[in-house]
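Below: one structure, written as structure tokens.
All of the numbers you see were taken from the coordinates with simple rules; none came from a lab. No experiment lies behind these values; they were computed from the predicted model shown. So basically every Cβ, Gly included, is an ideal-geometry build from the backbone, and we count neighbours across all protein chains shown.
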Amino acid sequence: MAYFLGIDCATRPQKTGVALGVLHDDRVIIERCATGDRHHGVLELILDWVSSDDDVILGLDAPLGWPEAMGQQLTDHQAGMSLSAEPHAMFRRYTDSAIKQRLGKQPLDVGSNLIARTAHMALTLLQQLRDATGLPIPLAWAPQEEARWRAIEVYPAATRLVHGVTDKGGHLTGLEAVLDWSRVADTVMASDDAADAAVCALAAADFYRGRTIPPENEALARREGWIWVGHLPTGAESGCGSSGR
């Protein structure tokens, strides 16, 4: 049995949600859900919920890579020197543009305010999990791969849209046909971060079932990261075009 661990990443443990889901009759059942606190972060929760012997897909709501142009421009840059790359190329990834084109929803640029710090937290958590489990935990690029634990980047706002739900962060209304959170209702009702973590688990299950779209330019996506999400429902209009995770 595969487990789907949704992580709504944040710069503080208290704002980081984590949810554990399983598939049952084509519906994701959320079995556990919580947020971290000052004494116990999500690392401890994850290690308590699943073991290194389980099959796990982690869906992290945070950029897991950086725009290629940013790395190229900053390698030898010195203060006061100009930059030849356009701002979009510097701060917006291939996957961010693809989400905007397909869904009409613009993810925040990696360099925006707290997003870069959130990305740093997510990458740190991944390494902590590797160290704790002794597993490599690679990024996944196809539904069926050999690694026992794998990780993908997800975007709850986009996942809600492809399941036909208006993008309003921190809510699950309208997802009842594909997501069952009745076992953790008190937690998700009390915390937007926990609710978004449940949507991250749904996104991980969508990937596992082959319902997300792979990148056309996989080489670039492997360097920058890729948000795994499917198509809008037939006849649905794209999102409102606003930004945000």
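Using the Cα centre as the reference, give the magnitude of the dipole from point charges on the C-beta atoms of the range 11-166 (Lys, Arg: +1; Asp, Glu: -1; all else neutral), rounded to the nearest 20 debye. Don't skip to the end; give the middle numbers.
On the way: 15 positive and 19 negative charges, 126 e Å.
So the dipole magnitude of the range 11-166 works out to roughly 600 debye.
Counting every other Cβ atom within 10 Å of each residue's Cβ, Trp149, Trp181 order from fewest to most as Trp149, Trp181.
Would you mind calculating the gained length between His39 and Gln78 on full extension (0.36 nm times residue separation, minus the Cα-Cα distance), in nm to one decimal? Each step should come with its number before you reach the end.
Working: separation 39, 0.36 × 39 = 14.04 nm, distance 4.03 nm.
The span from His39 to Gln78 would gain 10.0 nm if fully extended.
Of the residues Ile57, Ile213, Ile137, the one that moves most in a GNM of the chain with alpha-carbon contacts below 10 Å is Ile213.
Taking every alpha-carbon pair under 8 Å whose residues sit at least 6 apart, the chain reaches a relative contact order of 30 percent. Among the trypsin sites (Lys or Arg not before Pro) found in the range 24-87, those both in a DSSP coil and sparsely packed, with 15 or fewer other Cβ atoms within 10 Å of their Cβ, are Arg38. Between Asp26, Asp96, Asp53, the residue with the greatest mean-square fluctuation in the GNM of the chain (Cα pairs under 10 Å linked by springs) is Asp53. If the elastic network links every pair of Cα atoms under 10 Å, which of Ser97, Ser84, Ser191 fluctuates the most in the Gaussian network model of the chain? Evaluated over the chain, the most mobile residue of the options is Ser84.
What does the charge count near Leu126 come to, summing +1 for each Lys or Arg and -1 for each Asp or Glu among other residues with Cβ under 14 Å from its Cβ? Walk me through the numbers before you get to the answer.
Details: positive: Arg130, Arg150; negative: Asp61, Asp131, Glu153.
Summing Lys and Arg as +1 and Asp and Glu as -1 gives -1.
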